[in-house]
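Participant: One structure coming up, written as C-alpha coordinates, with questions to follow.
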Amino acid sequence: QARLRYADLSKANLEDASLRKTNLHGATLTEADLSDTDFREADLSGAKLNNANLSFSNFTGANLSGAELKGAKYNQYTQWPAGFELEKAGLILVK
(Lines give C-alpha, C1' and ligand atoms only; values in the text may rest on other atoms or scores of the structure.)
Protein backbone atom coordinates (compact mmCIF):
# COMPACT_ATOMS: atom_id res chain seq x y z
CA GLN A 1 0.00 0.00 0.00
CA ALA A 2 1.49 3.26 -1.12
CA ARG A 3 1.57 6.26 1.21
CA LEU A 4 1.15 9.51 -0.65
CA ARG A 5 -0.05 11.70 2.22
CA TYR A 6 0.09 15.38 1.27
CA ALA A 7 1.76 14.56 -2.08
CA ASP A 8 1.41 17.17 -4.83
CA LEU A 9 0.13 15.24 -7.83
CA SER A 10 -1.64 18.16 -9.49
CA LYS A 11 -2.00 17.73 -13.27
CA ALA A 12 -0.55 14.20 -13.02
CA ASN A 13 -1.67 11.53 -15.47
CA LEU A 14 -2.72 8.59 -13.31
CA GLU A 15 -5.15 7.14 -15.84
CA ASP A 16 -5.82 3.43 -15.25
CA ALA A 17 -3.66 3.40 -12.09
CA SER A 18 -4.27 1.02 -9.20
CA LEU A 19 -4.34 3.10 -6.02
CA ARG A 20 -6.43 0.64 -4.03
CA LYS A 21 -6.00 1.12 -0.26
CA THR A 22 -3.50 3.95 -0.90
CA ASN A 23 -3.17 6.67 1.73
CA LEU A 24 -3.74 9.93 -0.15
CA HIS A 25 -4.80 11.95 2.90
CA GLY A 26 -4.39 15.66 2.16
CA ALA A 27 -2.91 15.01 -1.30
CA THR A 28 -3.32 17.56 -4.08
CA LEU A 29 -4.73 15.99 -7.25
CA THR A 30 -6.19 19.12 -8.86
CA GLU A 31 -6.59 18.92 -12.63
CA ALA A 32 -5.18 15.36 -12.61
CA ASP A 33 -6.32 12.69 -15.06
CA LEU A 34 -7.68 10.04 -12.72
CA SER A 35 -9.91 8.34 -15.27
CA ASP A 36 -10.38 4.59 -14.84
CA THR A 37 -8.35 4.68 -11.60
CA ASP A 38 -8.95 2.16 -8.82
CA PHE A 39 -9.41 4.06 -5.53
CA ARG A 40 -11.23 1.24 -3.71
CA GLU A 41 -10.74 1.53 0.06
CA ALA A 42 -8.27 4.43 -0.42
CA ASP A 43 -7.97 7.26 2.10
CA LEU A 44 -8.70 10.49 0.22
CA SER A 45 -9.76 12.42 3.31
CA GLY A 46 -8.90 16.08 2.93
CA ALA A 47 -7.55 15.52 -0.59
CA LYS A 48 -7.99 18.17 -3.28
CA LEU A 49 -9.49 16.69 -6.45
CA ASN A 50 -10.82 19.94 -7.92
CA ASN A 51 -11.17 19.92 -11.73
CA ALA A 52 -9.84 16.34 -11.95
CA ASN A 53 -11.14 13.76 -14.44
CA LEU A 54 -12.82 10.98 -12.43
CA SER A 55 -14.61 9.25 -15.32
CA PHE A 56 -14.78 5.44 -14.99
CA SER A 57 -12.98 5.55 -11.59
CA ASN A 58 -13.94 3.32 -8.67
CA PHE A 59 -14.21 4.91 -5.21
CA THR A 60 -16.05 1.99 -3.55
CA GLY A 61 -15.17 1.94 0.14
CA ALA A 62 -12.94 5.02 -0.16
CA ASN A 63 -12.81 7.72 2.51
CA LEU A 64 -13.73 11.04 0.85
CA SER A 65 -14.48 12.97 4.06
CA GLY A 66 -13.39 16.57 3.69
CA ALA A 67 -12.21 16.00 0.10
CA GLU A 68 -12.57 18.92 -2.31
CA LEU A 69 -14.24 17.84 -5.56
CA LYS A 70 -15.56 21.09 -7.01
CA GLY A 71 -15.39 21.09 -10.80
CA ALA A 72 -14.24 17.45 -10.99
CA LYS A 73 -15.75 15.55 -13.91
CA TYR A 74 -17.32 12.11 -13.61
CA ASN A 75 -19.55 9.90 -15.76
CA GLN A 76 -22.29 7.34 -15.23
CA TYR A 77 -19.67 4.63 -14.77
CA THR A 78 -17.83 6.34 -11.88
CA GLN A 79 -18.49 4.34 -8.69
CA TRP A 80 -18.84 6.14 -5.34
CA PRO A 81 -18.73 5.03 -1.70
CA ALA A 82 -22.07 4.12 -0.14
CA GLY A 83 -23.88 7.23 1.08
CA PHE A 84 -21.70 9.69 -0.85
CA GLU A 85 -23.71 12.80 -1.71
CA LEU A 86 -22.86 13.84 -5.28
CA GLU A 87 -25.12 16.91 -5.17
CA LYS A 88 -23.12 18.56 -2.37
CA ALA A 89 -19.69 17.90 -3.89
CA GLY A 90 -19.87 20.31 -6.85
CA LEU A 91 -19.09 17.57 -9.38
CA ILE A 92 -19.80 17.83 -13.11
CA LEU A 93 -21.49 14.92 -14.88
CA VAL A 94 -20.13 14.39 -18.40
CA LYS A 95 -21.67 12.17 -21.05
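Participant: Just to verify a result, which residue in segment 54-95, among those that are of a type in the set (Phe, Trp, Tyr), in a loop (DSSP other than H, G, I, E, B) and open to solvent by less than 80 Å² (accessible area, probe 1.4 Å), is farthest from ASN23 (Cα to Cα)?
Facilitator: The extreme case among them is PHE84.
Participant: Another one. Looking for whichever is part of a loop (DSSP other than H, G, I, E, B) and more than 11 Å from the chain's Cα centre (by Cα) here; the options are ARG40, ARG20. Which one fits?
Facilitator: Residue meeting the stated conditions: ARG20.
The values are calculated or read from the model by the stated rules, or taken from the named source; none is laboratory data. Bear in mind that the values here come from a model prediction, so they are computed numbers and not experimental data. The area values use the complete protein model at the heavy-atom level, side chains included, leaving out ligands, DNA and RNA. Shrake-Rupley method; radii C 1.70, N 1.55, O 1.52, S 1.80 Å.
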